[in-house]
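Colleague: One structure coming up, written as structure tokens, with questions to follow.
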Amino acid sequence: MMRSAIIIGGGPAGLSAARTLVRAGHDDVLVLERNPEAGGLPRFAAHPGWGMLDFHRLWSGPTYARKLVAAARGAEIRTNTTVTALLPGGGVEVSGPGGMERLWAHTVLLAAGIREMPRGARLLSGTRPWGVLGTGAFQELVYAGGVRPFQQPVILGTELVAFSALLTARHAGIRPVAMLEEAPRITARRPGDWIAHHLLGVPVRTATRLVAIEGGARVEAVRVEQAGRQERIACDGVILSGRFVPEAALVRAGPLQFDAATGGPAIDNHFRCTDPAFFAAGNVLRPVEHSGAAALEGIAAARAMAQALAGTLPAPAQGIPVQAQGGLRYVYPQRLLPGDAPIRLCARASGEKRGRLRVLADGEVVQERRLHALPDRRITLTLPAAVLRGVRSLSVELA
Amino acid sequence: MNADAPAYDMAIIGAGVVGCAIFREFSLAGLRVALVERGADILSGASKANSALLHTGFDAIPGSLEAACMREGHARYQALHQGLGLPLLRTGAIVVAWSPADLAALPGIVARAHDNGVLDVRQISAEDVRTREPHLADDLLGGVLVPGEAVIDAWSAPLAYARQGLAMGGTFLPNTRVTGGSQAEAGWTLQTSQGPLSASVVVNCAGNQGDAVEAIARPSPFEIRPRKGQFVVLDKTAYPLASAIILPVPNERTKGVVICRTAYGNLLVGPTAEEQQDRENATVDQAMLEGLLAQGRRMIPALAAEPVTTTYAGLRPATQFKDYQIEALPQRRWITVGGIRSTGLTGSLGIAAHLHRLYAQHFGPLPTPADPVLTPVPNLTEEHPRPWQRPGRDEIVCHCEMVTRGEIAAALQGPLPAGDLGGLKRRTRCMMGRCQGFYCTWRVMEIAAPHVPGLVTPIQGSSA
Ligand SMILES: Cc1cc2nc3c(=O)[nH]c(=O)nc-3n(C[C@H](O)[C@H](O)[C@H](O)COP(=O)(O)OP(=O)(O)OC[C@H]3O[C@@H](n4cnc5c(N)ncnc54)[C@H](O)[C@@H]3O)c2cc1C
Ligand SMILES: Cc1cc2nc3c(=O)[nH]c(=O)nc-3n(C[C@H](O)[C@H](O)[C@H](O)COP(=O)(O)OP(=O)(O)OC[C@H]3O[C@@H](n4cnc5c(N)ncnc54)[C@H](O)[C@@H]3O)c2cc1C
């Protein structure tokens, strides 16, 4: 059977896309979710902070996850079903309780989310004791398991997710001894550090690098370096945050073009991958954004899929390649097919930088603004359609 | 049976790969054997972290005991692996010359291999190397092909040996540290952290504690000088970038940095060779790991785009001597198996056969062996079907390595259950993939907690 749409991943992006497609009249949408229940990462973050952008409510993660699932009614959600390969032309190979099978659809959305970069991939020095956890593992142990993996960890990172881990720690009666940040200032918006320090009693140490982890069976301490001086901080755990990677192994091994800069699939401005049957949305496009951003991308991608199904989406084409230059880590969409509507680009800076954000079309500046960029903060810019007419290549830089 | 008779015919101190292979050997030969290990599980020492290569011994010192044990170990593994469900990737190896000096050394490598009886080793041209390994940097100058070198798995092999030993009536005693002992006529009474243990013959396979344990019987003739090796494991997408094991031309101190596949579909770069005092902790070090990656990229430039899955380090039980330190002391009713430095995974089955002969020679004939019971270990490689591919599978808990709940539960039960989290990971591969437990830590804990106490504490309540 050839369905209208298959959605890989039942998180905010995938479920929002399913809802959108069902509302557009498609009654054969299939969501494939590898976990025993759909909902994605919010399922375990029991602190509030979810639903604002898409439902205009302030919910806890589990409530948000339930609302997303309920709102996707009309789509078939198959849990316990893992996509193991992408097949050219709109197919997926899946492993489910019934065994292995291949499923096909006119459109397939990749919405597989992210994972945290583990200790090994960061090449962190030291011993390898129990007690070094990613934020996802930490929140699941606390909220789903009701257990405390440690009492006095350090938290590595100061972006939004690190602060989420701080709230999770507080819930569990865990008292982090410090938050460590390599950059000279915290990544999350101020006054995150003030809140951490004054409301939660956790010192935030910027310009501090984790040098090594110490301990035998369990973590006993970390060694940190600040301004050339090393110091030992006693602790019994390490929470790793701040370096997320799209869950894009299927892309790297499959028929779609992979962008090493974002770590996700390359898309055009219709969320379409290089194989035009495939679309992608949510965190699989780039390192983590908050759930609202992922959900809105899911909705936008689903609209493009509905158009593709109706035959009204502009035909796939080479398009105008977009490049991130000096000062920028990445930019996406990686290809633009200009039409009548303005096109939005998302980018991230390589580090904190004050400068001018410039868009160059065939080498000429077509848009420019002043920007104080922080690492891991999204930069967005909108290009009027007129700017792109007749352009062969586009680059964005922060100089 | 005499009340004073020792409880066991043989006590083996240390459940590394060498101890496990010896345990299997003598259990199969009909002795009552105890395998005594201070850790909570087998493989608590050197054997848990190595390159997992099955060597031919082509580069060993001709005439050494190590060369003989490797040759016999290599042959026995090939004969055994199918019956025990153990992987064998017949990748072959290529020693690659990157400089004129390297190139000049190749004929000597071939000659030594032939001295060692590894007769299929031959020099091949740069072009031949490039055809076989198109991803190697193109400034290579030539190579030596070693067809018999292979990739195996460092964890399932000793597990299978130990399980076969258990099936033949052997006893495994985890969490039992040997602290001393005294010899009487009938044999030894060993002092252990779990009380005394008597055995008629003691085998010292204590790896990096080999000299300390040897001191129970005599002043140790060798001194352990641990030599650390660090590794970087690359993502499964890197697997196609090398098909043979890529070896450098070795120097005096080390075999150098190797690039090879793993039985689980990753690509491995390492090891380093670093002398250290500490016998217990093998730390990883960012600068060294970056150095390994740089060397890897030097050989295979496409590695630059490959993500790192994890890093690890192991400690070779080296001594001041190059060769294995194996000796039977009939008067002391003691057998020393020390300094199994950098080839013990390969050599273990050969060492076991060698010990079998030593025993028969010095301690009398062995009882008639019973028919061997085969105890295959579950398949964890992608060569053969795994549970996640079968209809009716239960839920996948570890999504990166596709480990099902049933596989995890099974590893916590049975004749040799996982004794700790590391043992569970080594038996199932859960938490060992790309996300390293970001997504499955809790679900693994939930299944393991009743079997591996003390990892986590309930939030309301005192202790688990
Ligand atoms: C610890 C933590 C705390 C956070 N706190 C907040 C917060 O307070 N507020 C907020 O707005 N955002 C928060 N975020 C960010 C938020 O979780 C993400 O923005 C959001 O979940 C992204 O949605 P997504 O659909 O792209 O991905 P996900 O939510 O990750 O969903 C992806 C889904 O795809 C499934 N999947 C992956 N691969 C496959 C496959 N091969 N086959 C089948 N299924 C697959 C996964 O199981 C998962 O269910 C937090 C993130 C983390 C890590
Ligand atoms: C970096 C590296 C790469 C290698 N690569 C390869 C390879 O590719 N191929 C290959 O064939 N070999 C390789 N090796 C070599 C191989 O790993 C070793 O030779 C082998 O593991 C040694 O095993 P063992 O049983 O002698 O020692 P161990 O594994 O150390 O076993 C000794 C055991 O004794 C226990 N013990 C110690 N003291 C006591 C006590 N008092 N009471 C009770 N128990 C005690 C310890 O806990 C330990 O479990 C490599 C080694 C390293 C470090």
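Colleague: Within 10 Å of each Cβ of A:242-250, how many other protein chain Cβ atoms are there on average?
Modeller: Partner-chain Cβ atoms within 10 Å, mean over residues of A:242-250: 2.
Colleague: Can you sort A:Met100, A:Met52, A:Met117 by 1.4 Å-probe accessible area, starting with the largest?
Modeller: Largest accessible area first, the residues go A:Met52, A:Met100, A:Met117.
Colleague: Here's another thing I want to ask about it. Suppose the Debye formula is applied to equal point scatterers at every Cα of the stretch B:317-433; what is log10 I(q)/I(0) at q = 0.16, 0.24 Å⁻¹?
Modeller: These q points yield log10 I(q)/I(0) values of -0.93, -1.27.
Colleague: Quick one: putting +1 on the C-beta of Lys and Arg, -1 on the C-beta of Asp and Glu, what dipole do you get for chain A around its Cα centre, in Debye to the nearest 20?
Modeller: So the magnitude is around 800 debye.
Colleague: Roughly how many Å is it from the Cα centre of the stretch A:198-229 to that of the stretch A:372-399, as a whole number?
Modeller: Answer, in whole Å: 37.
Colleague: Near the amide H of B:Gly39, under 5 Å away, which other amide H atoms are found, from residues 5 or more places off or on another chain, if H is placed in the peptide plane?
Modeller: Those qualifying (amide H under 5 Å, at least 5 residues apart or on another chain) are B:Asn175, B:Thr176.
Colleague: Give the average over all directions of the projected area of the C-alpha convex hull of the stretch B:368-464, one decimal, in nm².
Modeller: Approximately 8.8 nm², given one-decimal rounding.
Colleague: Now for a different question. Mean residue ellipticity at 222 nm from the helices of chain A, using -39,500 (n - 2.57) per DSSP H segment of n ≥ 4 over the full residue count, to the nearest 500 deg cm²/dmol?
Modeller: Calculated mean residue ellipticity at 222 nm is -5000 deg cm²/dmol.
Colleague: Could you quote the convex hull projected area for the stretch A:118-241, Cα atoms only and averaged over all directions, in nm²?
Modeller: Average projection, Cα convex hull of the stretch A:118-241: 6.9 nm².
Colleague: While we're on this one: Counting alpha carbon pairs within less than 8 Å and at least 6 residues apart, what relative contact order, in whole percent, applies to the stretch A:118-241?
Modeller: Reported as a whole number, the value is 34 percent.
Colleague: State the dimensionless ratio Rg/Rh of the stretch B:158-254 (Rg: radius of gyration of Cα atoms; Rh: Kirkwood radius).
Modeller: Answer for the stretch B:158-254: 1.13.
Colleague: Still on this structure, I have one more. Accessible area per residue of the protein assembly as shown at 1.4 Å probe, in Å²?
Modeller: Dividing the accessible area of the protein assembly as shown by its residue count gives 38 Å².
Colleague: So who's got an amide H within less than 5 Å of the one on A:Val204, skipping anything under 5 residues away but keeping other chains? H placed 1.01 Å off N, in plane.
Modeller: When sequence neighbours closer than 5 places are left aside, the close amide H contacts are A:Met179.
Colleague: Rounded, prolate or oblate: pick one for the stretch B:46-88, where a ≥ b ≥ c are the square roots of the eigenvalues of its C-alpha gyration tensor, a/c under 1.5 means rounded, and failing that, prolate if a/b is larger than b/c, else oblate.
Modeller: Oblate shape, in that a/c is at least 1.5 and b/c is the bigger or equal ratio.
Colleague: If you scale each eigenvalue of the Cα gyration tensor by 5 and take the root, what three semi-axes come out for the stretch A:21-76, rounded to whole angstrom and sorted largest first?
Modeller: Whole-Å semi-axes of the equivalent ellipsoid: 22, 15, 6.
Colleague: A further question follows. Suppose we take every Cα in the protein assembly as shown and form the convex hull; what volume per residue is that in Å³?
Modeller: 177
Colleague: What figure in square angstrom, to the nearest 10, would you give for the accessible area of A:Met179 with a 1.4 Å probe?
Modeller: 0
Colleague: Keeping all protein chains in the complex and leaving out DNA, RNA and ligands, what accessible area do you get for B:Thr179 with a 1.4 Å probe, in Å² to the nearest 10?
Modeller: Approximately 90 Å² for this residue.
Colleague: Suppose we keep just the DSSP beta bridges with both residues in the protein assembly as shown; what percent of those would be antiparallel, to 5?
Modeller: 65
Colleague: Under the Kirkwood approximation applied to all pairs of distinct alpha-carbon atoms, what is the hydrodynamic radius of the stretch A:1-160 in Å?
Modeller: 17.4
Colleague: Another question about this same structure. Based solely on its DSSP helices, what 222 nm [θ] is calculated for chain B when runs of n ≥ 4 H residues each add -39,500 (n - 2.57) and the sum is averaged over all residues, nearest 500 deg cm²/dmol?
Modeller: Rounded to the nearest 500, it is -8000 deg cm²/dmol.
Colleague: Shifting gears a bit: Ignoring everything but the protein chains, give the 1.4 Å probe accessible area of A:Trp59 in square angstrom, nearest 10.
Modeller: 40
Colleague: I'm a student and want to see the number: the projected area of the Cα convex hull of chain B, averaged over all directions, in nm².
Modeller: The orientation-averaged projected area of the Cα hull of chain B comes to 23.8 nm².
Colleague: Quick one: what are the phi-derived ³J(HN,Hα) couplings along the stretch A:170-187, Karplus 6.51/-1.76/1.60 with θ = phi - 60°, whole Hz, x for glycine and proline?
Modeller: 3J(HN,Hα) across the stretch A:170-187, in whole Hz: 4, 4, 8, x, 8, 10, x, 8, 6, 10, 10, 9, 6, 6, x, 9, 6, 7.
Colleague: Something else about it: Quick one: Karplus J couplings for the stretch B:404-416, per residue in order, coefficients 6.51, -1.76, 1.60, θ = phi - 60°, nearest Hz, x for Gly and Pro?
Modeller: Ordered by residue, 3J(HN,Hα) equals 8, 4, x, 5, 5, 4, 5, 6, 8, 10, x, x, 9 Hz.
Colleague: Now for a different question. Per-residue mean of other chain beta-carbon atoms within 10 angstrom of the beta-carbon, peptide B:393-399?
Modeller: Partner-chain Cβ atoms within 10 Å, mean over residues of B:393-399: 5.
Colleague: Would you work out which of A:Cys235, A:Ile379, A:Tyr64 lies farthest towards the positive end of the dipole of chain A, given +1 charges on the beta-carbon of Lys and Arg and -1 on that of Asp and Glu, about the Cα centre?
Modeller: A:Cys235
Colleague: Return the residues of the stretch B:279-302 for which accessible area with all protein chains present is lower than in the chain on its own by 40 Å² or more; set the probe to 1.4 Å and exclude ligands, DNA and RNA.
Modeller: Residues meeting the cut-off: B:Val284, B:Gln286.
Colleague: Charges only on Cβ, +1 for Lys and Arg, -1 for Asp and Glu: so what's the dipole of the stretch B:387-448 about the Cα centre, in debye to the nearest 20?
Modeller: Dipole about the Cα centre, nearest 20: 180 debye.
Colleague: Would you compute, for the Cα atoms of the stretch A:319-399, the largest minus smallest coordinate along each principal axis and list the three values in descending order, in whole Å?
Modeller: Answer, in whole Å and largest first: 33, 20, 17 Å.
Colleague: Please turn the phi angles of the stretch B:335-341 into ³J(HN,Hα) values with the Karplus equation 6.51 cos²θ - 1.76 cosθ + 1.60 (θ = phi - 60°), one per residue in order, whole Hz, x for glycine and proline.
Modeller: Couplings: 10, 9, 10, x, x, 7, 5 Hz.
Colleague: Taking the Cα centre of the stretch A:319-399 as origin and charging only Cβ (+1 Lys, Arg; -1 Asp, Glu), how large is the dipole, in debye to the nearest 20?
Modeller: That gives a dipole near 240 debye.
Colleague: What are the GluC sites (Glu not before Pro) within the stretch B:102-200 that DSSP puts in a loop, where the Cβ has at most 11 other Cβ atoms within 10 Å?
Modeller: B:Glu185
Colleague: In vacuo Debye scattering of the stretch B:1-147, one point per C-alpha: log10 I(q)/I(0) at q = 0.19, 0.21 Å⁻¹?
Modeller: Values returned for q = 0.19, 0.21 Å⁻¹ are -1.19, -1.30.
The values are calculated or read from the model by the stated rules, or taken from the named source; none is laboratory data. Computed from a predicted structure; not experimentally measured. Reconstructed Cβ throughout: ideal geometry from the backbone, glycine too, with neighbour counts over all protein chains shown. Ligands, DNA and RNA are stripped out before the accessible areas are found, and what is left, the full protein with its side chains, is counted by its heavy atoms. Shrake-Rupley method; radii C 1.70, N 1.55, O 1.52, S 1.80 Å.
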